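**Student:** Dumping the structure here so I can ask a few things about it.
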Amino acid sequence: MSWRPQYRSSKFRNVYGKVANREHCFDGIPITKNVHDNHFCAVNAKFLAIVTESAGGGAFLIIPLEQTGRIDPHYPKVCGHQGNVLDIKWNPFIDNIIASCSEDSSVRIWEIPDGGLKRHMTEAVLVLYGHSRRVGLIEWHPTSSGILFSAGYDYKILIWNMDIAEPVKMIDCHSDVILCMSFNTDGSLLATSCKDKRLRVIEPRSGRVLQEANCKNHKVNRVVFLGNIKRLLTTGVSRWNTRQIALWDQEDLSMPIIEEEIDGLSGLLFPFYDADTHMLYLAGKGDGNIRYYEVSTKTPYLQYLMEFRSPAPQKGLGVMPKHGLDVASCEVFRFYKLVTLKGLIEPISMIVPRRSETYQEDIYPMTPGMEPALTAEEWLSGINRDPVLISLKEGYRRPSRLVFKAPVKEKKSVVVNGIDLLENVPPRTENEVCVHVSLWSHMECTCVPAYVTALCLPRQLLRMFFRQQDELRRLKEELAQKDVRIRQLELELNNLRNSPPACDPPQRHEL
C-alpha cells in the first residue's frame, strides 16, 4: 500500500499576506533600539502608537491611522516618563486611552485627543507607583472596564483599579522576572511565563496558582490562551537551542500535548491567536516571515497552512482589533510591522481570497466589541462574564460610550519647619545664578528685576541655601520610596488575610 498524504479541507488554507503600498505605510519613524523583548507598538481603530528612540527619558508617538506617508521629524510625542518606555497598550473599550510602563518603575495613563497630538504631551491623566523596580509588562483586563495588570522586575504583578487609581491586589508567586501574561476569554484565568522556567495558570483575584509546569526540556518564553478550547500554546527553546512550540491542557500542565520544533534560528517567537478563525500566527523577532496554522481540538492539533515571507526583518508587530478590519476585502487579521533599519511601519493584511463581494458570514462570526461586560467592582467581587459580542456585517464603527474619568486624589503635604517638601520646587543651581547675573550686568539695565536682586546674595548664604535644597530633595526621595514600600506591605497583608489558614503541624510529645 503506497503512502498518501492526508489533506484536510480548510477555508483558510489559501490565506495570503498583502503588504500595503508605500504611500499607505508610516515612514521616517525613529523606532526604539531597546533590546527588551516586547512589540513596542500598539494599534486600535483610531491610532497607531510606536515607542521611539529618545534621549533623557522615554517617549512614544501617537499617529492617526489616516495620516500615512512620511512623518515629520518634529512630530509631537508623549514624553512624560523619566526612563525608557518598555510597553504600551490601548484600552480595549476606550479608543483614546493608552497605558505605558517604563524603567522609571511607573505606570502612566494617557488620554489622547481626537485627531492626535498638536504638541508634546508630558502630563499623564494618572501616574501609578507601586513597583520597586522597572515595569516591563502591562495588560488590560479583557472584559472589565477599569482593571489593569502590571508586571515588574521586582517579580510581582499588581492589579490596578482605575476608578481609585490604587493597586487592589498583588500576585507574588514568581521567583524571577515575568516574561509574558495572557488572559482567557472571560478574564477569569491568567497564564504567565517566567524566567525561572515555569509556566503558571493563576486565579488572579486570589493569586492562587491553579496549575504549574516545570519546563526543563522546553524553555518557555511566550504563552497565549487559545480561546475557549481550554488549551495553552507556548513558544520557547528546546534543549538543543532550536525554536519550539508546545500545546498544553490548561487543566493539566504535567506534560505538553504536543511539541513541535520550528527552526534553528535564535530570535524570539511571538504567538498571535485569532479566536474567531482559530488561526495561530508565529512571527520571529528579527525574521521576515510569518507562519500561520489552524488550531483544532482533534489530532493533528496544529495544521500548518502557509508562510508569509518578506526580506525586511521585524522588531515587533502591532495587531489591529477585529472591529478595525476591512470586511469588504475579506481581511481576517492585520499586522503593523516595525522595520527598524528603514524607520518604517508596514501594514500587512491577511486576506481570505473570495470572488463574491458580499459579506462572508463564515469567516466573520460574532466577535468581542468595545462594550465592557463588567465594571471593576463587579469583577473584583468575583463575577465572571463572557465578552459582549458584535457583528461586523455593517462595517462596525460605533464609537464607545465610555468616558474615562480620572479619580480626584487628595493632595498630600508633608510640612517640616513650615516648608511643604512635596510641593517645594528646587531653585536654580549656582551656575545658573551666575549666568543670570552676568547677563543682566552686560545688558546695562537700570531696572533690574527683583528676582535678580534676590539672587545677588553673599556666596556663603547661597551655599547654605543650596545645601538646604539638596537635603529637601533627598528627604522627598526617601518619602517616595517609603510610600511604595508601605503599599507593598499593605498588599502582602491583604494577601495573608485572604489566604486560607494553614494547618498547624502535629506537636511531638516527649516521653
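**Student:** Could you please give the count of residues in segment 220-257 that are touching a Pro at 6+ places or on another chain (Cβ under 9 Å) and without any contact (Cβ under 8 Å) to a residue 24 or more places away in the chain?
**Tutor:** Counting residues in segment 220-257 that are touching a Pro at 6+ places or on another chain (Cβ under 9 Å) and without any contact (Cβ under 8 Å) to a residue 24 or more places away in the chain gives 1.
**Student:** If I ask for residues that are open to solvent by 90 Å² or more (accessible area, probe 1.4 Å) and touching a residue at least 40 places away in the same chain (Cβ under 8 Å), which ones from segment 364-392 would you list?
**Tutor:** Listed by number, the residues that qualify are E377, R385, D386.
**Student:** Take the conditions outside any strand (DSSP E or B), over 13 Å from F149 (Cα atoms) and in contact with a helix residue (DSSP H, G or I) (Cβ under 9 Å, 6 or more places away or on another chain) and apply them to S206. Does it pass?
**Tutor:** Yes, satisfied.
**Student:** Among the residues of segment 39-53, are any more than 18 Å from F335 (Cα to Cα) and loosely packed, with under 14 Cβ neighbours inside 10 Å?
**Tutor:** Looking for residues that are more than 18 Å from F335 (Cα to Cα) and loosely packed, with under 14 Cβ neighbours inside 10 Å, one finds none in segment 39-53, hence no.
**Student:** Filter segment 143-177 down to the residues that are hydrophobic (A, V, I, L, M, F, W, C) and either open to solvent by 10 Å² or more (accessible area, probe 1.4 Å) or without any contact (Cβ under 8 Å) to a residue 24 or more places away in the chain (or both) and list them by number. First the steps, then the outcome.
**Tutor:** Our first condition is that a residue be hydrophobic (A, V, I, L, M, F, W, C); within segment 143-177, this holds for 147-149, 151, 157-160, 162, 164-165, 168, 170-171, 173, 177.
Those that are hydrophobic (A, V, I, L, M, F, W, C) and either open to solvent by 10 Å² or more (accessible area, probe 1.4 Å) or without any contact (Cβ under 8 Å) to a residue 24 or more places away in the chain (or both): I164, V168, C173, V177.
**Student:** Which one is modelled with the highest pLDDT among residues in segment 183-199 that are open to solvent by 10 Å² or more (accessible area, probe 1.4 Å) and assigned to a strand (DSSP E or B)?
**Tutor:** Restricting attention to segment 183-199, the residues satisfying the condition of being open to solvent by 10 Å² or more (accessible area, probe 1.4 Å) are 183-186, 188-189, 195-198.
Cutting the leftovers down to assigned to a strand (DSSP E or B) gives us 183, 198.
Details: F183: 96, R198: 92.
So, considering only residues that are open to solvent by 10 Å² or more (accessible area, probe 1.4 Å) and assigned to a strand (DSSP E or B), the one modelled with the highest pLDDT is F183.
**Student:** Restricting attention to segment 260-283, which residues are polar (S, T, N, Q) and open to solvent by less than 10 Å² (accessible area, probe 1.4 Å)?
**Tutor:** The one that is polar (S, T, N, Q) and open to solvent by less than 10 Å² (accessible area, probe 1.4 Å): T277.
**Student:** What number of residues within segment 239-258 are surrounded by fewer than 16 Cβ atoms within 10 Å (Cβ to Cβ) and assigned to a strand (DSSP E or B)? Show your work before the answer.
**Tutor:** Applying the first criterion (surrounded by fewer than 16 Cβ atoms within 10 Å (Cβ to Cβ)) to segment 239-258 yields 239-242, 249, 251-252, 254-255, 257-258.
Filter once more, so that each one left must be assigned to a strand (DSSP E or B): 249, 252, 258.
Residues meeting the conditions: 3.
**Student:** Quick check on segment 72-90: of everything there that is under 19 Å from G136 (Cβ atoms) and among the charged types (D, E, K, R), which residue is least open to solvent (accessible area, probe 1.4 Å)?
**Tutor:** Among residues in segment 72-90 that are under 19 Å from G136 (Cβ atoms) and among the charged types (D, E, K, R), the one least open to solvent (accessible area, probe 1.4 Å) is D87.
**Student:** When you scan segment 284-301, do you find a residue that is touching a Lys or Arg at 6+ places or on another chain (Cβ under 8 Å), of a type in the set (K, R) and either surrounded by 15 or more Cβ atoms within 10 Å (Cβ to Cβ) or under 16 Å from K393 (Cα atoms) (or both), even just one?
**Tutor:** So far as segment 284-301 goes, yes, one or more of its residues are touching a Lys or Arg at 6+ places or on another chain (Cβ under 8 Å), of a type in the set (K, R) and either surrounded by 15 or more Cβ atoms within 10 Å (Cβ to Cβ) or under 16 Å from K393 (Cα atoms) (or both).
**Student:** Now, a different point. Would it be correct to say that C180 is more than 13 Å from the chain's Cα centre (by Cα), of a type in the set (A, V, I, L, M, F, W, C) and either more than 22 Å from V484 (Cα to Cα) or part of a loop (DSSP other than H, G, I, E, B) (or both)? Don't jump to the end; show me each part of the working.
**Tutor:** Details: more than 13 Å from the chain's Cα centre (by Cα): no; of a type in the set (A, V, I, L, M, F, W, C): yes; either more than 22 Å from V484 (Cα to Cα) or part of a loop (DSSP other than H, G, I, E, B) (or both): yes.
Spelling it out, it is not the case that C180 is more than 13 Å from the chain's Cα centre (by Cα), of a type in the set (A, V, I, L, M, F, W, C) and either more than 22 Å from V484 (Cα to Cα) or part of a loop (DSSP other than H, G, I, E, B) (or both).
**Student:** Just a yes or no: is a residue in segment 205-213 among the hydrophobic types (A, V, I, L, M, F, W, C), open to solvent by 10 Å² or more (accessible area, probe 1.4 Å) and within 24 Å of L496 (Cα to Cα)? Walk me through it before giving the result.
**Tutor:** Of all residues in segment 205-213, those among the hydrophobic types (A, V, I, L, M, F, W, C) come to 209-210, 213.
From what's left, open to solvent by 10 Å² or more (accessible area, probe 1.4 Å): 209-210.
Keeping just the survivors that are within 24 Å of L496 (Cα to Cα) gives 209-210.
Yes, that holds for at least one residue.
**Student:** Within segment 91-116, track down each residue that is farther than 17 Å from P76 by Cα, assigned to a loop (DSSP other than H, G, I, E, B) and open to solvent by less than 10 Å² (accessible area, probe 1.4 Å).
**Tutor:** N91, F93 - these are the residues of segment 91-116 that are farther than 17 Å from P76 by Cα, assigned to a loop (DSSP other than H, G, I, E, B) and open to solvent by less than 10 Å² (accessible area, probe 1.4 Å).
**Student:** Quickly run through segment 321-334 and pick out the residues that are buried (at least 19 other Cβ atoms within 10 Å of the Cβ) and touching an Asp or Glu at 6+ places or on another chain (Cβ under 9 Å).
**Tutor:** Listed by number, the residues that qualify are K322, L325, V332, F333, R334.
The values are calculated or read from the model by the stated rules, or taken from the named source; none is laboratory data. Note that the coordinates shown come from a computational prediction; the quantities given were computed from them, not determined experimentally. FYI the Cβ positions are ideal-geometry reconstructions off the backbone, even for glycines, and counts take in every protein chain you see. The protein model used for the area step is the full one, side chains on, heavy atoms only, and it has no ligands, DNA or RNA in it. Shrake-Rupley method; radii C 1.70, N 1.55, O 1.52, S 1.80 Å.
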